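Only the coordinates and a few stated rules stand behind these numbers; no lab work does. If you're wondering where the values come from, they're calculated on a predicted model, not measured in any experiment. Heads up, the Cβs are rebuilt from the backbone with ideal geometry, glycines too, and the neighbour counts pull from every protein chain shown.
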Amino acid sequence: MKNWKVSLLVISAIVAVFCLSASIVLAQDKTITVDGTGIITMDPDMVNVSVAINTENNSIQTAISENTAAVDNVRKALIEAGVDEKDLITTNYSVWSNRPYYYSESASPDEKYYSVNYYLRIIVRDVSMLNKVLDAAVNSGISNIDSVNYDYSDKTALYTEARKLALADARAKADVIAAELGKTIVDVATVEAPEFSEISDMRYNMVAKEGMGGLGGAETPELTSGAFQVAVTLKVGYIFE
């Protein structure tokens, strides 16, 4: 009798597990999985400008001193133009020597000249000030404008808004499918979402100008920006009944 009771308990447990498994399978079968996409497009609200200040001289001390004076002049002009000092960032500084006889037959093989290069990143946080800042840089003695890149200050906010749109898009699709089946969405089963979506500049902008140092009274042309776009795609599983 005891063995019979044990066997009955084992059979009951197996049946319970089978019923639980069946209910899980049934619940899994009652799902609709869809992709939802959200796209946000935003105009840039800041600009990153990369410029260079170069000086050359046969004396390394003179080349460095001239470069330092030029850099101070450029930084002062940019601050007067409205750029915050913390938004003037040194990205590189180099001093190197070369031999002029490579380029001139009259130069002595022992003769050297020195080139000092200071690279500055300017963050313009008001896009409408861009031309004013560029004019100040050009007319204060920079040697090159290497790039002008539009940017957006809060890319995380763009992603958050795009994700909300993606969820709404997924739910709308699921509701349509459920209605066609005569069913109703009652809950969310799964969500697959990227941690962060790539944000692209729809029109990459770069301006390169050589040898602009010393141009008195120069005015830069109007520059147009691209738009930033972030697209988020979520895979969402919905439970229906």
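Residues whose amide H falls under 5 Å from that of ILE142, counting only those 5 or more places apart or on a different chain, are GLY214, with hydrogens built in the peptide plane.
Applying 0.36 nm per residue to the separation of ASP43 and THR68 and subtracting their alpha-carbon distance, the gain on full extension is 5.3 nm.
Each residue of the range 114-126 was assigned a 3J(HN,Hα) from its phi angle through the Karplus curve 6.51 cos²θ - 1.76 cosθ + 1.60 (θ = phi - 60°); the sequence is 10, 10, 10, 10, 10, 10, 10, 9, 10, 9, 9, 8, 10 Hz, with glycine and proline shown as x. Summing +1 for each Lys or Arg and -1 for each Asp or Glu among the other residues whose beta-carbon sits under 11 angstrom from that of ALA63 gives -1. Computed from backbone phi with θ = phi - 60° and the Karplus coefficients 6.51, -1.76 and 1.60, the 3J(HN,Hα) list for the range 141-147 is x, 6, 9, 9, 9, 7, 7 Hz; x is used for glycine and proline. Our coupling estimate for the range 227-241, obtained by passing each phi through the Karplus curve with A = 6.51, B = -1.76, C = 1.60 and θ = phi - 60°, is 10, 8, 9, 10, 10, 10, 10, 10, 9, 10, x, 10, 9, 10, 9 Hz, Gly and Pro reported as x. Ordering LEU167, LEU120, LEU134 from the fewest to the most neighbouring beta carbons within 10 Å gives LEU167, LEU120, LEU134. Remark: relative contact order (the range 46-151) = 50 percent; criterion is Cα-Cα distance under 8 angstrom and separation of 6 or more residues. Ordered by the count of other Cβ atoms within 10 Å of each Cβ, fewest first, LEU223, LEU78, LEU234 give LEU223, LEU234, LEU78. With K and R counted +1 and D and E -1, the other residues having a Cβ less than 11 Å from that of LYS132 yield a net charge of -4.
For the range 46-151, a crude dipole built from +1 on the beta carbon of Lys and Arg and -1 on the beta carbon of Asp and Glu, taken about the Cα centre, is about 140 debye to the nearest 20.
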